[in-house]
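I have placed the structure first, in the form of structure tokens, so that the comments after it can refer back to it.
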Amino acid sequence: MSLNTDNNLGIDADDAYAALLEAHRHLTPEQSQRLNARLVLILMNQVGELDIINQAIAAACNGLLTDTGAP
Amino acid sequence: MTKQHYQPFPTQTPPELKGAPARVYPVAIIGGGPIGLAAAVDLAQHGVEVIVLDQNNTVSVGSRAICWAKRTLDIFDRLGVGERMVRKGVTWQTGRLFHAQQEVFNFDLLPDTDYKMPAFVNLQQYHVEQYLVDRAGDFPDLIDLRFNNTVTDHVTSDTGVSLQISTPEGDYSLQAEYVIACDGANSPTRKRMGLSFEGESFEERFLIADIEMEDDPFANADNAERWFWFKPPFHEGQSALLHKQPDNIYRIDLQLGADTNPEEESRHENVTPRIQQIMGDKSFQLDWVSVYRFRCARLAQFVHGRLLFAGDSAHVVSPFGARGGNGGTHDVDNLCWKLAAVIQGRAPASLLDSYEQERGHGADENIRHSARATRFMSPANDMERLFRDEILSLAADLPFARAWINSGRLSTPCSLIDMPLQTSDTSDTLADDSRCGLVAPDLPLDNGDWLLASLSRNSFTLLLVGVNQTSIIDSSNLLDALPVVTISLTEHAQRRYGRGAFLIRPDQHIAARWEGTDLNASLVRLAWDRALGLADKAHAA
Ligand SMILES: Cc1cc2nc3c(=O)[nH]c(=O)nc-3n(C[C@H](O)[C@H](O)[C@H](O)COP(=O)(O)OP(=O)(O)OC[C@H]3O[C@@H](n4cnc5c(N)ncnc54)[C@H](O)[C@@H]3O)c2cc1C
């Protein structure tokens with residue numbers, strides 16, 4: 001299996017993104033950091049395939065070290 | 001200063017000020033913006049007499065709405081101004097999204113072809129208003145446009161509304177069975193009633209400039225597009241939007257941030273260098289400049305007895321997605337046939353509740369999309385900004401991230417699936433595009449005409465696709481007053497409908513459908529009654 005980089009949420013993509021922002025809305029920065037960490041762990045477990053997780057980590061790391069910061 | 005010359009509309013002394021006997025008008029509309037004018041034309045097409053009261057005597061000054069979506073164009077076509085809008089307007093369907101220097105992706109808003117109306121037409125709001133005023137002139141016995149007539153007060157009762165009106169020639173009052181308040185985002189009617197208008201306000205300020213320029217900035221001059229930039233090189237850290245309008249006018253939206261001074265920013269000596277950053281050495285003239293702050297809000301109720309709200313008075317949105325004027329036009333489309341049916345005694349007053357239900361649903365959808373787009377441009381906190389920025393940085397390589405980039409989800413028709421006026425849909429052979437509650441899809445006909453343009457402009461229509469009218473047994477004449485349109489089962493008709501019968505509302509939404517060739521007239525009558533809010537009668541039948 002390889003990492004799916006196409007939109008996998010279809011027309012629900014906007015709703016999913018809105019739910020993510022809503023979850024963060026009233027949190028302190030520290031709480032937001034914790035929420036992100038927990039979410040990554042929960043979603044990694046949901047994915048359930050080491051190979052995919054490794055590809056996702058690689059895709060997320062790509063360009064990070066050479067970036068001058070946020071775009 | 002602007003290219004548009006604002007010819008004052010002629011005004012006449014209202015009959016009430018000339019001693020005419022008092023009378024009760026069926027409908028009075030407060031406000032002659034695009035929504036009030038469209039409602040007047042729609043009601044007149046239904047044979048309802050209507051008065052429009054507007055405090056000004058010109059079309060709206062400065063360009064506000066420019067983007068009119070396919071569904072809205074279909075509605076305007078039903079109202080008799082759609083073809084003129086397309087002829088004058090700039091047609092486009094491709095949007096391009098840039099991040100910094102780079103094009104990240106582009107989208108086609110109408111990949112399927114063979115519709116009468118294009119995905120979008122850009123046309124200044126003042127042209128649309130002018131066309132509607134011209135069209136209103138086709139109904140001299142039904143539409144009375146009263147400019148320089150300011151509504152200053154109103155009183156509602158069980159039988160109607162009385163309005164207090166002030167004109168340069170004096171004040172008078174007027175009675176109407178129904179009043180539609182189309183008096184805009186700051187609706188004095190709404191304020192007078194003390195109704196709360198709740199939603200989300202955005203701190204961010206946006207500079208909106210219309211410029212006149214001979215040179216076309218787009219790569220292919222014959223093909224206008226919508227260009228949106230996040231963090232463009234010419235506008236540090238912010239967003240920008242470019243649209244083409246007729247007469248070599250371009251619309252530029254520039255995000256300015258929350259802490260800017262609007263007076264300062266709208267001074268031409270400050271605007272010009274910003275535009276020069278985008279247009280380089282192309283020469284241009286500023287036509288119109290304003291600085292806006294946006295909000296997304298709505299009234300909890302659009303129907304207040306005999307007083308109805310439509311357009312910006314009922315709901316406002318930020319403009320990304322072009323859902324303001326488009327959404328208001330959908331209100332008109334939904335409301336006018338119902339109001340006409342109630343006034344003409346063909347439907348109970350409770351039918352108007354379905355306006356609130358169906359268009360409240362539409363307003364919520366428009367607000368949701370517009371608010372999300374605005375927040376994507378101006379994140380509410382650091383974490384939102386981080387997510388937004390990382391989406392942009394992933395989008396060049398990873399397609400899924402592009403779906404999350406939100407520069408405005410452009411206005412689309414609103415689905416009324418599963419709402420009470422529609423008969424439940426049991427077909428599994430008919431096309432998905434023609435499910436009950438959706439807008440009837442357009443298609444080209446053998447005779448060179450278009451389907452939507454062939455439907456009745458003011459009544460329900462029974463559409464038979466690949467079905468012979470003689471196969472309907474209607475011995476009790478249940479369907480006598482129902483216009484029938486029969487089309488053959490072409491490839492288009494197969495794909496967008498399928499073989500069967502479709503009951504289409506005056507606003508071109510599908511109320512009911514039946515597959516196959518055997519059609520029972522009493523089922524059609526039942527669905528028709530239901531769509532007129534006669535559900536109780538429908539049960540009894
Ligand atoms: C910068 C900008 C860009 C936009 N772009 C788009 C776009 O691309 N597409 C889109 O669909 N929408 C767009 N919109 C939104 C669009 O302009 C509005 O949704 C539209 O004007 C609403 O029409 P309306 O008739 O409800 O209200 P208005 O156009 O505000 O008309 C209200 C009318 O009521 C009259 N009135 C007010 N009070 C009284 C009174 N007491 N007595 C008598 N008359 C009165 C006023 O004179 C006015 O004529 C944009 C808006 C802005 C600001």
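Relative contact order, whole percent, for chain B stands at 14, derived from Cα pairs under 8 Å and 6 or more residues apart. Annotation: extensible slack from B:Asp112 through B:Thr486 equals 132.3 nm (criterion: 0.36 nm per residue apart, minus Cα-Cα distance). Taking θ as phi - 60° and the Karplus parameters 6.51, -1.76 and 1.60, the scalar couplings of the range B:23-31 work out to 9, 9, 8, x, 9, 10, 10, 8, x Hz in sequence order, x denoting glycine and proline.
Restricting the GluC sites (Glu not before Pro) of the range B:168-274 to loop positions (DSSP other than H, G, I, E, B) with no more than 10 neighbouring Cβ atoms within 10 Å leaves B:Glu214, B:Glu236. A crude spin-label estimate for the pair B:Gln301 and B:Met193, with each label 7 Å from Cα along the Cβ direction, gives 0.8 nm. Beyond 41 Å, how much of the Cα-Cα pair distribution for the protein assembly as shown remains, as a whole percent? Above the 41 Å cut-off, the protein assembly as shown has 32 percent of its Cα pairs.
Once you average over the residues of A:13-26, how many Cβ atoms of partner chains fall within 10 Å of each Cβ?
Average per residue, whole number: 4.
Averaged over peptide B:448-459, the number of partner chain Cβ atoms lying within 10 Å of each residue's Cβ comes to 0.
Legend: residue pairs B:Lys88/B:Lys191; B:Lys70/B:Lys231; B:Lys116/B:Lys282; B:Lys231/B:Lys282; B:Lys116/B:Lys231, Cα-Cα distance threshold 25 Å; pairs beyond threshold, B:Lys88/B:Lys191; B:Lys70/B:Lys231; B:Lys116/B:Lys282; B:Lys116/B:Lys231. Shown is the FRET efficiency for B:Ser475 and A:Ala19, computed with R0 = 56 Å from the Cβ-Cβ distance and rounded to the nearest 0.05: 0.50. Both numbers refer to the Cα atoms of the range A:10-61; Rg and Dmax are 12.9, 35 Å.
Restricting the calculation to Cα atoms, every distinct pair contributes to the Kirkwood radius of the range B:78-235, found to be 20.7 Å. Tell me the mean residue ellipticity at 222 nm calculated for the protein assembly as shown from its helices only (DSSP H runs of n ≥ 4, each -39500 (n - 2.57), averaged over every residue, nearest 500). So the calculated ellipticity at 222 nm is -9500 deg cm²/dmol.
Look at B:Asp433, B:Asp480 and count the other Cβ atoms within 10 Å of each Cβ; fewest to most, that gives B:Asp480, B:Asp433.
By counting other Cβ atoms within 10 Å of each Cβ, how are B:Tyr6, B:Tyr172 ranked from fewest to most?
With the fewest neighbours first, B:Tyr6, B:Tyr172 line up as B:Tyr6, B:Tyr172.
Using 0.36 nm per residue and subtracting the Cα-Cα separation, the extra length available between B:Met419 and B:Thr517 on full extension is 32.7 nm. So what is log10(I(q)/I(0)) for the range B:432-538 at q = 0.17 1/Å, when the Debye sum runs over its Cα atoms only? Once normalised to I(0) and log-transformed, intensities are -0.74.
We did not get these values from a lab; they are worked out from the coordinates using the rules stated. Keep in mind that this is a model prediction, so the values were computed, not measured. Note: ideal-geometry Cβ built from the backbone for every residue, glycine included; neighbour counts use all protein chains shown.
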